[in-house]
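The values are calculated or read from the model by the stated rules, or taken from the named source; none is laboratory data. Note that the coordinates shown come from a computational prediction; the quantities given were computed from them, not determined experimentally. Cβ sites come from the backbone with ideal geometry, for glycine too, and all protein chains shown count toward neighbours. Heads up: the accessible areas ignore ligands, DNA and RNA and are worked out on the full protein's heavy atoms, side chains in. Shrake-Rupley method; radii C 1.70, N 1.55, O 1.52, S 1.80 Å.
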Amino acid sequence: MLLNDISSPKDIKNLSYEELDNLASQIRERIIQVVGSNGGHLSSNLGVVELTIALHRIFDSPDDALIWDVSHQSYTHKILTGRNDKLDTIRMKDGISGFTKRSESVHDWFDAGHASTSISSALGLLQGRQLLDKPGKVVAIIGDGALTGGMAFEALSHAGQISKNLIIILNDNNMSISKNTGSISKYLSRLSTTPNYQKIRLSIDRFFERLPFSSRFLRKLVFRLKRGLKGIFFHNNLFVDFGFEYVGPLNGHNIEEMEKVFSKIKKINRPVVVHVITQKGKGYSPAENDPTTFHGIGPFCISDGTAEKYDKLSFTEVFSEEIIELGATDERIAAITAAMVKGTGLTKFAHRFPGRFFDTGIAEEHAVTFAGGLARAGMMPVVAIYSTFMQRSVDQLIHDIALQKVPSVFVLDRSGAVPDDGETHQGIFDISLLRPVPGVTLLAPASAEELKLFLRWGVSQQLPVIIRYPKASCPAEEEAFSEPVVCGRGVLIENTLKKCGQERIKRLFVCTGGIYPEVKEAVDVLQKREIPVDIYNLRFLKPLDKQYFIDIASRYDHIVFVEDGIRIGGIGTYLESLLQRSLEGKKTAVCGFPDRFLAQGKRSDILEEAHLSPSHLARKMLSL
């Protein structure tokens, strides 16, 4: 059996276990080849190959719904559901998504990209189906640390309460992105290392399988007996306490073992958790040895696992170095992240100051409120969370930080256009979400020097400070970027082209820091046509020194506002309205992300689609 012969899950139903092992090897080779070329989530996908095969063999997708938490580990699922021929396009513009996506396949039940949602979605789907008398099982596959998120426990509590026959596959690889931390991880390790119970459980199963009869009463007796054994060996089993049957742990790379269990639990008419042990990165030694690096990686050399290196520092790398400098001089500074140690650049800080570093797991809400508690004790918390994940903590930021005027710094990495990961990861909503919050300061650095200045300024304030920056390399420095921080004021970058016979330069771009490189390139395009344009880099998105801005804007006739955030409720619309109320005769336009979700692609692809590319910005200025 060749991988190219697989067009649907039905094609693997009748394969022998020898053929399945060969298929698993081919799938791993295919995933490594594609991710090596395109980048993507490697370790997590290599770890669930056999698990995915076993699920599709026993359950009948899409009649039986497989719900993947986060869904960054769904590459094998995509291959088995008819998308192998499109896998080379994964994460590319107009290609298939790196996550499950309803528009791609009937086998994808939800568009997923954030953690800890699968149990809630699956329980709702199951309840709805039963209310409408629709058949089919519903299976939630959760792992990679997603069980550290509070939403997963809310769903577990509800599922046990209403006692529906939900099946939860707990993919336990002892990792989220970085190595799992916290009591839940330790608890799962304890469940995974209790061989006495497993031996007795298997003996009971084998005994009753040999009996020539079966009855409903007998099955109930067996389940009660095994539950009693759990009480003896596990003392308190969290999942049993929630009202679930608990099965496992199973070898997540043994298809035959998993199939036997899945066949049995498919017949259970009550909620069940199946605990499966997998190895993240299995089958590719660089990923096995360093699953964190290969969790989400750009293109790399398959022969030795080395990734492409860049000469320019990224904003994340600048933050990583500066937070260490600040931590060395101020013992009040503590760093917090939510399962994104490496992604946010805090690995070095964690090694240097382990007592002042906190990884909360995939629990952004807790991370924000925890920071508020640290601050009330006299510490200066610096919380690093991706913009798209900060959406989950807006209430905590309002209630536990802003309302109480807590001195703290929040660093929103991957703001604006986020390459490759698609709709669920775009960081385009933070400006509109956070600008209305009273008492917060919102900053957007345009360069490495500005980021350093803002961090130093932020930790010296007695109020909440939010700093947002893109997943991008830092642009070349301008002299203005080194100017001291003055609350509410930006900096003016004047055009190097002389007046060209005009009395003054009449055109001005007003921009947020994350979109500065594209604005600068648009200025260069216009300059080649001897059309000079100045740039006002806002720095502060809140608060604003309104009079200072009006005085700057009064010098220009044509003003284009550009932001790397959603246009509705953004800073550009606000400033345009301010000018219209304060000055007459100004021709203005606002450029920001449109009112729709934006699919995957390179940064340049996303900005092109949103009409925020340099050529679009230049044309917008000329249109005035």
Residue separation times 0.36 nm, minus the C-alpha to C-alpha distance between Ile550 and Asp60: what's the value?
170.0 nm
Per residue, accessible area of the chain with a 1.4 Å probe, heavy atoms of protein chains only, in Å², comes to 41
In the range 326-420, the GluC sites (Glu not before Pro) that fall in loop regions by DSSP, at most 14 other Cβ within 10 Å:
Glu331
Lys pairs, the range 61-134 - Cα-Cα below 21 angstrom, 8 or more residues apart or on other chains:
5
Write out the GluC sites (Glu not before Pro) in the range 517-624 meeting two conditions: DSSP loop, and at most 11 other Cβ atoms within 10 Å of their Cβ.
Glu530, Glu584
Taking 0.36 nm per residue of sequence separation and subtracting the Cα-Cα distance, how much length would be gained by fully extending the chain between Lys86 and Ser8, in nm to one decimal?
26.7 nm
Measuring from the lowest to the highest alpha carbon on each principal axis, how far does the range 443-550 reach, largest first, in angstroms?
49, 33, 18
Under 9 Å, Cβ to Cβ, from Arg270 - net charge with Lys/Arg +1 and Asp/Glu -1:
0
Expressed as a whole-number percentage, the relative contact order of the range 514-606 with C-alpha contacts under 8 angstrom and at least six residues apart is 25
Near the amide H of Ser314, under 5 Å away, which other amide H atoms are found, from residues 5 or more places off or on another chain, if H is placed in the peptide plane?
Cys474
Express the carbon and sulfur contribution to the solvent-accessible surface of the range 376-433 as a percent, rounded to the nearest whole number, probe 1.4 angstrom.
56
Length-normalised contact order for the chain - Cα pairs under 8 Å, 6+ apart - percent
12
The computed P(r) of the range 128-177 puts the percent of Cα pairs beyond 16 Å at 50
Once the Cα atoms of helix 516-528 and of the chain are each reduced to a long axis, what angle between those two axes, in degrees from 0 to 90 to the nearest 10, is obtained?
40
Name the shape class, rounded, prolate or oblate, that the alpha-carbon gyration tensor gives for the range 257-398, where a ≥ b ≥ c are the square roots of its eigenvalues, rounded holds for a/c under 1.5, and otherwise prolate holds if a/b is larger than b/c and oblate otherwise.
oblate
Farthest toward the dipole's positive end in the chain, which of Ile535, Val523, Thr573, given Cβ charges of +1 (Lys, Arg) and -1 (Asp, Glu) about the Cα centre?
Thr573
Order of 401-411, 148-158 by packing, highest average Cβ count within 10 Å first?
401-411, 148-158
Rule-of-thumb check for the range 493-621: C-alpha Rg over 2.2 N^0.38 Å?
1.03
In units of 2.2 N^0.38 Å, the Cα radius of gyration of the range 548-624 is 1.18
Within straight-line cross-link reach of Lys13, aspartates and glutamates at Cα separation under 12 Å, skipping those fewer than 8 residues along the same chain
Asp60, Glu259
Counting each pair of different Cα atoms once, what's the Kirkwood radius of the chain in Å, rounded to one decimal?
26.4
The range 1-52: trypsin sites (Lys or Arg not before Pro) in DSSP coil with no more than 16 other Cβ atoms inside 10 Å:
Lys13
